[in-house]
Each structure stands twice: as structure tokens, then as C-alpha cells.
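The values are calculated or read from the model by the stated rules, or taken from the named source; none is laboratory data. Computed from a predicted structure; not experimentally measured. Note: ideal-geometry Cβ built from the backbone for every residue, glycine included; neighbour counts use all protein chains shown. Just so you know, the surface numbers come from the protein's heavy atoms only, side chains and all, with ligands and any DNA or RNA stripped out. Shrake-Rupley method; radii C 1.70, N 1.55, O 1.52, S 1.80 Å.
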Amino acid sequence: MHFIMTSRKPTLVILLAAVLAVSSCAALQPPSATGPRGAEQLYPILLTEDSRRKEAVTAALNRLAQTSGLHDAIEPQLQPITGTILSLPAKASTVLFLPKVGSGAVMNEEETREALRRFISTWQEIIGSDPAKLSLVDVTDQPDGSKLANYEQRPFRYPIRGNYGKLQIRFTNDRRLLDLMSTCIPDAERIQNALSALGLRPKAEDSVRQLREKGLTYSDAAGNKVSLTITPSTGINPRTMTIYVLPAKNKPETLEFHLTWEMELSNAPVKLAYVDAVSGEVIAAQ
């Protein structure tokens, strides 16, 4: 699967005193010489790529490859913006393995889960997530005989929506690693701190009212703008608050983090709508 891609390390852009810090991974944008930004500019939270991340991830992958006895340099494909791994290079000489757990030739289900846990712990810099923030969703058998482990990253107070926060590990029964793909969010704790510092306490009923008044305007899978009127017969049920992550429209190499209500619709052409809990804008629909 191909999700949104980059190759550089992210930088959180936010001017809140509570989060103005510098780390080895990313640096926050300094205050503007023209004075503080208005409140409207503090939201949504932004994450921009940093060229140092590509170098750090590639170096980490090659260190791990050397521990597996490989001597050729590996050039992985990296996701845009987050700089996490998109895929392993398709080279016959590049053979990596999951850790061996148990004494049998083939690991059982429990041993496989433990092998995956150890693998993630070792590869967390490349994956871009604290292992404690990853939850195994399932391990499925693939048509070619391999297995695919799917994980969700859960680093925020609310669940992630959009094409981010996912990890996939494809491997064989003899522990060979076939591919690795991560759309996890690095520096997630910093982003959560920035969201918390905003002190937002949005109410679901406000978003429901805005949705009924404004209707639904969103871009479909083909990129076409669609507008729908919400009729009195349309049911709107706020399911949960979420963090919707998507590329910024007018800021290349930047991700936006929106606090949204996940709305379940009935008697409507779409089943779910994600409404920004701050602006009332429909971020996505499906």
C-alpha cells in the first residue's frame, strides 16, 4: 500500500510558550519579528519536514542491516513529510529477518507476536513511533503465502483519522522481512502537547448545528469538490472526537492536525463526515 510520502524529518510549527523547545529531532519555529501570531494562526497544528530526518532514518536502517550481516548500503524509500519508511528496496541481496522466538522451525501465533514486538522496538527510529503507542490490529495471510501485520499508532488523546498513523510489516513463515511501510507521526508527544496547550473544549452540538446550516462541502477521491445539502431527514450522530491528519493545501511539505468530530450520517450519500470542531469546516467525508 502506498500512503502519503516523504523523506525529511518533521518540525512542529507552533508559537505557544508551553511548547517552545528544541530537540535533536526537530526545532520549533521562532517567534516572528513582527510580533506574536494571532490566535487563528495557532490552529491547526502544523508539522513540516526536516531534511535531517531522511539522513537519520537511512543511517539507522543501514546500521540495522549491518547487524544482519549485510554490507551493501540500503537506500529505502521514505514517506514525504514524516520521513518514515515507505518501503524496503527490492533487492535480492537485501535480506532482513524478524527476531527468532521459540525453538520450532516455524513460530506459532504467540511467538510471532513477540518477534514483531521485538522488531518494532529495534526499528522504532525508522518506524517513527514509540512502540508503546502502537497497537496490533491483525495479522492476515496474503495470496502469495506471506503474512501482513497491521498496526495503528495511538499517540494522541483522540484516535487518528486520515492516511496516517499506520504500520504494516510483511514477512514470511521463515521470518524473512519482505516489506515495511509506516505512516506513523514522529514527535507525536510534542503535537499532543501543542493541542492540549490550545485549551479547546468544543461541543458536539455546535458542530452538528454548523453541519446542518452549512451542509457538506468536501473533495471526493478524484479531487472533485462536492456540495450536499443536509435535509431534515438526515440523521447526524457525533461518534467521537478525532485528530484528522492531512497535507496542508497551501503549504507544501506540511501536515495539518485538525481536531474533528466524526459524524455518522443516515439518509445521506455519505456515511461519515469529519467536521473541524474549531472552524466548522468539513475536513473529509466518505
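Summary table below
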read-out: For C184: the one exception among (1) closer than 21 Å to P99 by Cβ; (2) surrounded by fewer than 18 Cβ atoms within 10 Å (Cβ to Cβ); (3) in contact (Cβ under 8 Å) with a residue 60 or more places away in the chain; value: (2)
read-out: Unique match (being at pLDDT below 70 and open to solvent by 70 Å² or more (accessible area, probe 1.4 Å)) among Q77, Q66, Q41; value: Q41
read-out: Selection within region 156-181 - under 30 Å from K100 (Cα atoms) and either in contact with an Asp or Glu (Cβ under 7 Å, 6 or more places away or on another chain) or among the charged types (D, E, K, R) (or both); value: G165, K166, R170, D174, R175, R176, D179
read-out: Hits in region 205-242 - residues which are over 16 Å from K271 (Cβ atoms) and acidic (D, E); value: E205, D206, E213
read-out: A268 exposed (fewer than 12 other Cβ atoms within 10 Å of the Cβ) and under 24 Å from P159 (Cβ atoms); value: no
read-out: Where a residue in region 238-266 is among the small types (G, A, S) and its partner, wherever it lies, is in a strand (DSSP E or B), with Cβ under 8 Å and at least six apart; value: A248/L46; A248/T254; A248/L255; A248/E256; S266/G235; S266/N237
read-out: Residue match in region 270-286 (condition: of a type in the set (S, T, N, Q), free of Cβ contacts under 8 Å to residues at least 60 places away in the same chain and under 17 Å from G165 (Cβ atoms)); value: yes
read-out: Output for region 222-252, where each listed residue is within 27 Å of P155 (Cα to Cα) and either at pLDDT below 90 or among the small types (G, A, S) (or both); value: A248, K249, N250, K251, P252
read-out: For R157: the one exception among (1) over 30 Å from V275 (Cα atoms); (2) at pLDDT 90 or above; value: (1)
read-out: Conditions (1) over 12 Å from the mean Cα position of the chain (by Cα); (2) crowded, with 22+ Cβ neighbours inside 10 Å; (3) not basic (K, R): number failed by I160; value: (1)
